[in-house]
Each structure stands twice: as C-alpha cells, then as structure tokens.
Amino acid sequence: MRWEGDRQSDNIEDRRGDGGGGGGFGIGGGTVGIGTIVVALLGSWFFGVSPSTILSLLSGGSPAQVQQAPAHPPANDRETQFVRTVLGYTEDTWSQIFRANGATYSPPRLVLYSGRTSTGGCGMGQSAVGPFYCPADRKVYIDLTFFRMMQQRFHVGGEFTQAYVIAHEVGHHVQNLLGISGKVDSARQHLSEREANAASVRLELQADCFAGVWAYHTNQAKQIIEQGDVESALNAASAIGDDALQRQSRGEVVPDSFTHGTSAQRVRWFTRGLQTGSVEQCNTFEARQL
C-alpha cells in the first residue's frame, strides 16, 4: 500500500503507556450470565463495537460512564504515522462524500492504547476484543498489537488490510452520524435475540461496504492500492466471518448467533463498496440477500 508522504490526521489520542485503569467492563443495569459475556466477546472480537456496549444493551441498561484516561501527543514511529495517514484518508474521503450530498462530515478521534483504556460511555475497552467504535464519545479505539495478532491467528496482514480495519470502524462512525446505528440499537430493544443478531449482521456488513467505498475513493484520489492489497483484505474479511470464527473456536456453526456475517457475506459487501464507490449500494437493510 502506498501512503508515505501524504497528510496525517491530528485527530489522534495516544494513551499507550498510561497503564489503562479500572477493573473489567462497566455494565449498566440488569445482570448477564457467562453465556452472554461469551457471545459479546465473540461478537466484538473483530471489527465491532465495545463488548461492554453489547452487554449493556443485552442486559437492558445503558452504557456506563467512566472517566477518560489522559492523552499525550502521538508517537512518531512508522506504525503511528501509518494510522494517522489512513485516518486522514478517511477524513478526506468522507468529507468529500458528505459535501457532495449537502452535509458536513464530523470526523471521529482515534485512540491508541495498550491493554485497556476507559471510554466516554462504552465501559472499559480491552485489547482482547480488537478494535471498536464507541458511539457515545464518537471515538475509534485500537491497540496496535491487534495487527500482529491478525497475522499470528488468521495469517493475514499487510498495511492495506490494517487500513481496512480502521476504515470499517470509521464506517461505524458514519453510521452513527447518519442515525443508522441509533435506529438499530433502539430496534434491538424490542426484538428477540435471533432478530437482534440479524440486525447487527446488517449493521456490520454495511460498515464493511462503507470500508470498500472508502478504499474506492481514496484509491481514485491517491492510487494507494498495490498488487496483492485487495486479495489480502478479502482474505481478512473471509477469515473473520462468524462461521469461520465459530468453526475455529467451537467446532460448529450456529447461524442464529451470528452478529457480523459469514465470510462470504463480508467479502461480498466489502467488494461491492470497493467496486462501486457508492454509499447507496451499501443499503444492507433493504437487501433481500446478504
């Protein structure tokens, strides 16, 4: 992936080395059993929202408020420069798309942390569950060691794959700005567990499609994609489908418990966004077939 020398975003909070804080997830209202916790962790393992948000919704409560950890200027190593550049790409692309539709894009902040960190409304973020977006404070949270885990566990890597991860989480931010995620969260309160999971799948697949839209427009403007990049991203999308993860972790597949979509679905929707560059083509909620 070509990215060196391009604009780097300043919307970064670097909390690495701050030691995190707190003890476990801040779950508001009600109680949940270990089975629910396992579902939340599996559902949030890759490209999701904070598991504490899921747990809070499942238990009938609201996300707990916790004190923010202090931040300091981001480091200047290559890995941090890459993240800042990708975030800058998302800002440029979505600003252009919103402007073309008569709206103004308000970008998220991206928090770099190690191990665990507090959020502004989604409980305690932990690196074990992977990157996530917190709609309450409009921030994306990433422990960069996750990218190394991707290579070790799923045998997928490369900078474009990492950019796909970031773009997916920013896709959740776009959904938040458009009011989509709020409607889904409200609807989930009145749905059965199976129906709520199905709604989550459509939300996640749309974020995959939005990541594809980002890649299309950024490549048109900056020619960032090199040979093998798309294949690597598609391999990542396939590796973290619900069916693949369940088969790996429990040896069987339970479709009613899917929260992110199958491998084939994730590949299909990312590809649709990448090939069309059209937000309108990402309407997973009206699609008859995912």
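Structure values in brief
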{"item": "Difference of contour (0.36 nm per residue) and Cα-Cα distance, R7 to E280", "result": "95.5 nm"}
{"item": "Neighbourhood net charge (9 Å Cβ-Cβ; Lys/Arg +1, Asp/Glu -1) for K222", "result": "-1"}
{"item": "Spin-label pair Q96/A287, simplified geometry with 7 Å Cα→Cβ offset, distance in nm", "result": "2.4 nm"}
{"item": "Förster radius 35 Å - calculated FRET efficiency between T104 and K222 (Cβ-Cβ, nearest 0.05)", "result": "0.95"}
{"item": "Likely footprinting exposure, L205, L191, fewest C-beta neighbours within 10 Å first", "result": "L191, L205"}
{"item": "Separation of the L191 and Q151 label points, Cα + 7 Å toward Cβ, nm", "result": "3.7 nm"}
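Throughout, read-outs are computed from the coordinates displayed, never taken from laboratory work. Quick caveat: nothing in here was measured; it's all calculated off a predicted structure. Please note: Cβ atoms are built from the backbone with ideal geometry, for glycine as well, and neighbour counts cover all protein chains shown.
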